[in-house]
Amino acid sequence: DGVEEEDALMSVADMESHLTNLIDQWNEVEVCLQCSAKKLSNVIEVFSHAQKAVMHPTGPLYDASTGQLKPQCVRALKRIFQMCDNDKDGFLSNKELNHFQTTCFNTPLQPEELEGVRKVVSSKIPDGIHDKGITLKGFVYLHALFVARGRMDTTWTVLRKFGYDNTLHLRED
């Protein structure tokens, strides 16, 4: 019985090593899961990740080899920023940011959340924040951060609310 467990552990270690090599070689791989329908192990997780991959695909947003948002995604976010910049001053004021937030997520940001957004952006992108509000550079940075943290759903919600499809083209409607 102990030998079987040791062999199973060895095979897990070998599998982890193999998967690490595959992930290093294919940086588009986002998730590796070991599952068993027989043992009902991680089956729900597999379906959950598959659903996320279809509903909120990373490929159109992010280039895993460069670690950057793709140019077409940046262009879409720039268009959205410009549409939300009602006074056309190049900044999203707190009022404009709250309107954007309410449009996309049906809820405004609380004052402390707005301050948190400002702090996150200014800590990494000093010219992403101005007294007048968040800059385009800061807005794009926030979405890059969402994607890097696995929150593609946030960026996809924004893109879809402003008429983009899964290929980042504007829908006919």
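The values are calculated or read from the model by the stated rules, or taken from the named source; none is laboratory data. Since the structure is predicted, the reported quantities are computational estimates derived from the model, not experimental observations. Cβ sites come from the backbone with ideal geometry, for glycine too, and all protein chains shown count toward neighbours. Surface accessibility is based on the protein's heavy atoms, side chains included, excluding ligands, DNA and RNA. Shrake-Rupley method; radii C 1.70, N 1.55, O 1.52, S 1.80 Å.
Do you know which residues across the range 146-155 are open to solvent by less than 30 Å² (accessible area, probe 1.4 Å) and among the aliphatic types (A, V, I, L, M)? Scanning the range 146-155 gives Val147, Met152. Summed over the range 155-171, residues that are of a type in the set (A, V, I, L, M) and in a loop (DSSP other than H, G, I, E, B) total 1. A search for C-beta distances below 8 Å between a residue of the range 156-171 that is open to solvent by 50 Å² or more (accessible area, probe 1.4 Å) and any residue that is of a type in the set (Ser, Thr, Tyr), counting only pairs 6+ apart in sequence or on different chains, returns Lys161/Thr103; Leu170/Tyr164; Arg171/Tyr164. Scanning the range 52-103 for residues that are touching an Asp or Glu at 6+ places or on another chain (Cβ under 8 Å), closer than 20 Å to Arg118 by Cβ and not aromatic (Phe, Trp, Tyr) gives Cys84, Asp85, Asn86, Asp87, Leu92, Ser93, Glu96. The number of residues in the range 35-70 that are on the phi < 0 side of the Ramachandran plot, of a type outside the set (Phe, Trp, Tyr) and open to solvent by less than 90 Å² (accessible area, probe 1.4 Å) comes to 23. Among the residues that make up the range 121-139, is at least one of them loosely packed, with under 12 Cβ neighbours inside 10 Å and at positive phi? For the range 121-139, residues loosely packed, with under 12 Cβ neighbours inside 10 Å and at positive phi: absent.
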